[in-house]
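The values are calculated or read from the model by the stated rules, or taken from the named source; none is laboratory data. Remember, predicted model here, so these are calculated numbers, not experimental data. Counting neighbours? That spans all protein chains shown, and the Cβs are built from the backbone with ideal geometry, glycine included.
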Amino acid sequence: MLLTNLILPGCGAEDKFDIQISDATNKITTIQPTSHAHLTDPPSRVIPTLCHPHVHLDKPFLLTSHNTGTDLPNYIDLAPQDGSFSEALANTSKAKERYTHADLIRRGSQLIAESIQAGVTSMRAFVEIDHVTRFKCVEAGIELKRKFAEQCYVQLCAFAQDPVFNAEKHGEENRQLVEEALEKFKGEVEVLGSTPYVEGSEELQKKNVEWATRTAVEHQLHLDFHLDYTLDRKSEPIVWHVVQALKGQKWTQKAKGKKVVVGHCTRLTLFTTDEMTTLAKQIKDAELPISFVGLPTSDLFMMGRPSEDDWGGSRPKGTLPVLELINRFKLNACIGINNVGNAFTPWGSVDPLRLASLCVGVYQAGTPRDAELLFECISALAQSAIGLDDLVVRSLKDGADALFLVISNDKMINIIGQNPCIPARQRVSVADMVWDPPELQQRRVIGKVRKS
Ligand SMILES: [Zn+2]
């Protein structure tokens, strides 16, 4: 395969190159200055492929899957009525009872396929295990992981969305099923995920954290928490306990190479500078491999609701400011799309570039350098957070594995009554991509996923 007239990462827009790739080995065989004859043709831009560090594989598109003419289940009656978090939890629980294998494969395939179109070649995919779904979602996840193996690395996270201790909510049964799944699907499941905040009391939340940490060490898995998802100052932040539990389990020695991710963490937005400094210091002093994942599309929708006596004018943003975590506190952080098309996040798409674009406004981050860092948050930093550093393509060179995203700039805008067509704006810099992402039709992933 020969690709011509390309602007490469790290090179100026005036230098164009051709890349030759061997289909047999998926290696780059040559990179050389372009021989493209028409130097006035708009060049294509090469950028790294994208990553979802946090996406739910079993519950996308519950609100938008209209399975007309099929025998797949329908969820239309579960559309939000008040849009609250408790309603989202209750309706998603009802939806789970309807999951079938064919339905999980259909919606999961749609999620992965749309993501690949957007330029995603790796993802951490959460699959729920509890007394209702049992192993249905993991089994579908494994099938999907194999189905898309060449186009997208699907890293499966066995996920306890429901309580694993609260006795009134099938805690013990859920916990046993998760533990059973880790044995049964050894090698397929790479991450253990849990949701301490669904337990209720602070004491049970801490038990949940301790159990998950201990179990991840025992099974040599990465660890992922949905954590501190609140804007209530009175609620005790559990992140301190995560740090303690990791130290207590001697994570850095006993789970070498395994990463820890904490997602949402909206409660941290209420921390003082001193508290944030202390948290960052504790993490760094203990050399804990923790990354924070901001999930703005869900957080903005769910958090910061006005109180009943307020007319609705005050809506705090309540999503983790990941650029400050990186720049100011030198913490590892990135952003993810979390949910798409369900009651937790009825809006948005699977496109990480659109997510990064949203963050320009949310984080008030308008410089080209900010845009470049936001791009890192949906590519290299996201991959590193979930332990897929070996998939990060740091440079394009002869002999290297080919895996990158090409953004074409040859689009013409066709307006009836306007002849000739109008050439679309060229997107040349990374900031161009983040400030106003290119359409999916302009994106093409080149190469295959090969994980060592
Ligand atoms: Zn999530």
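Scanning the stretch 108-128 for residues that are within 16 Å of the ligand (Cβ to nearest atom) and either assigned to a helix (DSSP H, G or I) or more than 12 Å from ILE378 (Cα to Cα) (or both) returns GLY108, LEU111, SER115, ARG124, ALA125, PHE126, VAL127, GLU128. Only one entry of ARG394, ARG328, ARG443 meets the criterion of being among the charged types (D, E, K, R), modelled with pLDDT of 95 or more and within 30 Å of THR40 (Cα to Cα), and that entry is ARG443. Looking at ILE407, ILE422, just one residue is more than 17 Å from LEU8 (Cα to Cα) and modelled with pLDDT of 90 or more, and that residue is ILE422.
Considering PRO352, PRO346, the condition of being surrounded by 24 or more Cβ atoms within 10 Å (Cβ to Cβ) and in contact with a Gly (Cβ under 9 Å, 6 or more places away or on another chain) is satisfied by PRO352 alone.
In the set HIS36, HIS52, only one residue is within 16 Å of the ligand (Cβ to nearest atom) and touching a Ser or Thr at 6+ places or on another chain (Cβ under 7 Å); that residue is HIS52.
To keep it simple, each residue is scored yes or no on (1) more than 21 Å from VAL362 (Cβ to Cβ); (2) touching a residue at least 40 places away in the same chain (Cβ under 8 Å).
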| position | (1), (2) |
| --- | --- |
| LYS281 | yes, no |
| PHE292 | no, yes |
| LEU295 | no, yes |
| GLY313 | no, no |
| LYS317 | no, yes |
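Among the residues of the stretch 341-381, those that are β-branched (Val, Ile, Thr) and under 18 Å from the mean Cα position of the chain (by Cα) comprise THR345, VAL350, VAL360, VAL362, ILE378. Residue count for the stretch 251-269 under the criterion of being among the basic types (Lys, Arg) and under 12 Å from PRO289 (Cα atoms): the result is 3. Listed by first and then second residue, the pairs with beta-carbon distance under 6 Å, at least 6 apart or on different chains, first residue in the stretch 253-265 and in the same structural domain as TRP240 (by TED's automatic domain parsing), second within 12 Å of the ligand (Cβ to nearest atom) and in a loop (DSSP other than H, G, I, E, B), are GLY263/LEU295; HIS264/TYR229; HIS264/LEU295. Please determine whether any residue of the stretch 274-281 is farther than 30 Å from GLY348 by Cα, more than 16 Å from the ligand (Cβ to nearest atom) and outside any helix (DSSP H, G or I). The answer is no; no qualifying residue exists. With respect to ILE415, determine if the residue is surrounded by fewer than 16 Cβ atoms within 10 Å (Cβ to Cβ), farther than 16 Å from SER115 by Cβ and of a type in the set (A, V, I, L, M, F, W, C). Yes; evaluated as a whole, the condition is true for this residue. Taking the numbered list (1) away from the ligand (no atom under 16 Å from the Cβ); (2) in contact with a His (Cβ under 7 Å, 6 or more places away or on another chain); (3) farther than 25 Å from ALA167 by Cα; (4) not aromatic (Phe, Trp, Tyr) in turn, LYS206 passes all entries but (3). Reported count of residues in the stretch 349-360, each being within 16 Å of the ligand (Cβ to nearest atom) and either under 9 Å from PRO60 (Cβ atoms) or of a type in the set (Gly, Ala, Ser) (or both), is 1.
Kindly indicate which of ASP15, ASP82, ASP23 is at pLDDT 90 or above, surrounded by fewer than 16 Cβ atoms within 10 Å (Cβ to Cβ), under 30 Å from THR297 (Cβ atoms) and more than 16 Å from the ligand (Cβ to nearest atom). Within the list ASP15, ASP82, ASP23, the selection yields ASP82. Per the listing ASP41, ASP58, the residue uniquely within 16 Å of the ligand (Cβ to nearest atom) and of a type in the set (Asp, Glu) is ASP58.
Determine which single condition THR64 fails, assuming it passes every other condition in (1) among the hydroxyl-bearing types (Ser, Thr, Tyr); (2) under 23 Å from HIS170 (Cα atoms); (3) touching a residue at least 12 places away in the same chain (Cβ under 8 Å). If we test THR64 against (1) among the hydroxyl-bearing types (Ser, Thr, Tyr); (2) under 23 Å from HIS170 (Cα atoms); (3) touching a residue at least 12 places away in the same chain (Cβ under 8 Å), just (2) comes out false.
Criterion first (crowded, with 21+ Cβ neighbours inside 10 Å and either closer than 30 Å to GLN117 by Cβ or within 16 Å of the ligand (Cβ to nearest atom) (or both)) does LEU300 satisfy it? No: the conditions fail for LEU300.
Residues of the stretch 332-348 that are more than 10 Å from the ligand (Cβ to nearest atom) and farther than 15 Å from VAL362 by Cβ: ASN332, VAL340, GLY341, ASN342, ALA343, PRO346. Within the stretch 252-272, restricting attention to residues that are at positive phi and crowded, with 19+ Cβ neighbours inside 10 Å, the residue that is farthest from the ligand (Cβ to nearest atom) is CYS265.
Is it the case, given these coordinates, that ASP436 is out of contact with any Gly (no Cβ under 9 Å at 6 or more places or on another chain), at pLDDT 95 or above, closer than 15 Å to PRO48 by Cα and among the acidic types (Asp, Glu)? Taking the combined requirement at face value, the residue does not satisfy it. Inspect the stretch 176-197 for any residue being out of contact with any helix residue (DSSP H, G or I) (no Cβ under 9 Å at 6 or more places or on another chain) and closer than 26 Å to SER86 by Cα and give the result as yes or no. The answer is yes, given that some residue of the stretch 176-197 is out of contact with any helix residue (DSSP H, G or I) (no Cβ under 9 Å at 6 or more places or on another chain) and closer than 26 Å to SER86 by Cα.
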